[in-house]
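Structure first, then comments.
The values are calculated or read from the model by the stated rules, or taken from the named source; none is laboratory data. If you're wondering where the values come from, they're calculated on a predicted model, not measured in any experiment. Cβ coordinates were reconstructed from backbone atoms using ideal geometry, including for glycine residues, and neighbour counts include every protein chain displayed. Heads up: the accessible areas ignore ligands, DNA and RNA and are worked out on the full protein's heavy atoms, side chains in. Shrake-Rupley method; radii C 1.70, N 1.55, O 1.52, S 1.80 Å.
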Amino acid sequence: MAMSIIWAGMVAISFCFGLATGRLNEVANAALEGASGAVELCFSMAGVMCLWSGVMEIMDRSGITAKLAALFRPLLRWLLPEASRDSETLSAVSACVAANLLGLGSAATPLGIRAACRMARNCNGVASDDLCTLVVLNTASIQLIPATIASVRAAAGAQSPFDILPAVWVSSLLSVGAGIAAARFLSRLTAPSVRLQRKSHTRRFRAWI
């Protein structure tokens, strides 16, 4: 809803300025060029995305993704102590992290949603620390192979789409570290109030029953 309002506002402001300055034709031409450019970009990205999606499918069927996910389970048990008690939740989170490592956000999103839904069942309407940490891990993810970004750069005419690998590795490591540190700090800072809120939700639920 918010994005719809923003885009509608941008279109309305552009139209008003074009009308006020007498350059309405240029505004219309720019809109048409932008629309055609977006379609061309989508088609040029489709091939690269299909390639890496196929690589991800091969890795999944050959068991490489499962082995890669298994490597992160000890770390995830430390980061998500409550959620790791459920094997299905831990498996979904591990697979989500593995997909993010390959830069396949479209593949990681359903896995993250599945894990978040399972983790939210016992939250009583208040996001748990593990759920907040999962959001951080899925948003500021470490990417070994930034397939999506590379496909955009290739579509834009970059000669070496993967020459950004060192910058992506460093920036993603820093973002994940900063996100986890902030999540841990805020969880300790708000722990008493969250416990009281959860008790209140539990009392209301029991009273409703």
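The table below lists the values:
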item	result
Leading residue by the ranking (least open to solvent (accessible area, probe 1.4 Å)) among those in region 132-149 that are among the hydroxyl-bearing types (Ser, Thr, Tyr) and in a helix (DSSP H, G or I)	133
Output for region 135-156, where each listed residue is modelled with pLDDT of 80 or more and under 15 Å from residue 43 (Cα atoms)	153
Qualifying residues in region 150-191 (those that are hydroxyl-bearing (Ser, Thr, Tyr) and under 19 Å from the mean Cα position of the chain (by Cα)) - the one surrounded by the most Cβ atoms within 10 Å (Cβ to Cβ)	151
